[in-house]
Amino acid sequence: MKTDLDEIEKLISKWCLEIPKSVAGKGSELYRLAGNRGVTSMNPAELLPAICLNIASEQKSHPFPILDVLTFLKVKTVDYITKRDTVLDKLKLQMNPVDFETLGVRFGCNYLIKFANELLDNYKCQLNTNLSKIQYSKIDFQGKHIILAIFFVCCKAIKIPVNADQQALLGGTTKLCKEEMKRIMQYCKEFLEGLYDRVQTQTPSNRKRITRSSRSLKSTPSKLNENDYNETPSKSLRKRKQVDGDLNETTSTKKWKNLPEKKNRARKIVTGINSMINFNELSDVKLQNLQNWKTSILKLVT
């Protein structure tokens, strides 16, 4: 057996796998442990390092491209799973347990757990009705192939795309699992026909989600001034014109101040009878005579 780390790194670089260093290190550790436990090299030579990488990826919760690996190895899925189980037995390890909860988390559809349990109960009832007690008692409803078959049938009925790599990695593409899926669809046909509509009405995942940005946009108008929110472009245009008009008016006022003062403009006279006289109707001559007359009167009084 060659150096474990060299074999793992050689496999990753040869197949261009995107494997982190932590997973590669764990894979080399398992590869070395398998050699100590008497696991000889398999045919092809890359099979054992691939299985060790697969187990390490599972323990580190990192995705493993099982379909690409099977293509490189030119090995059938059933044979690969059988060899992997052999290595697991030698290493005294177990893969993650297969149940509806872990499958829901793994495939990102937790709401499917409820409907998968309901389908399993319906499947039990149908088999109890159509099979004899002896046949029914021999069925292990917690078996891996039945759990996988129930879950993948639910995904198919609800039109959820399933990652082919993960399905093959779990053993969902084996002949046993496929036959169980056909059997479930045969016995639970009526239940599966209405499952899609039930999921659409009972799960909140199909409702339109409001993002934080859309919520802030919806709440903005209530904080704005009503006049500002309802303002049309024509109003803002009129405001700009009004500002321009004020500037023009200021300019014209400056020009007006430079003009000579009009002759008929009323002059300020400090007397008590100013409010009684309309100075705008008086000519310059009459105004001068009036001022002289008022001055003479004041002199006589004083």
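First compute the accessible area of segment 8-159 with a 1.4 Å probe, then give the percent of it belonging to carbon and sulfur atoms. Intermediate values should be presented prior to the final figure.
Working: 4060 of 8100 Å².
Answer for segment 8-159: carbon and sulfur cover 50 percent of the accessible area.
Note on LEU67: accessible area approximately 60 square angstrom, rounded to 10, probe 1.4 Å, nucleic acids and ligands left out.
Radius of gyration (Cα atoms) of segment 1-83, expressed as a multiple of 2.2 N^0.38 Å: 0.98. Inter-part distance, segment 14-47 to segment 102-169, computed on C-alpha centroids, equals 32 Å.
The values are calculated or read from the model by the stated rules, or taken from the named source; none is laboratory data. Since the structure is predicted, the reported quantities are computational estimates derived from the model, not experimental observations. These area figures cover heavy atoms from the full protein model, side chains too; ligands, DNA and RNA do not enter into them. Shrake-Rupley method; radii C 1.70, N 1.55, O 1.52, S 1.80 Å.
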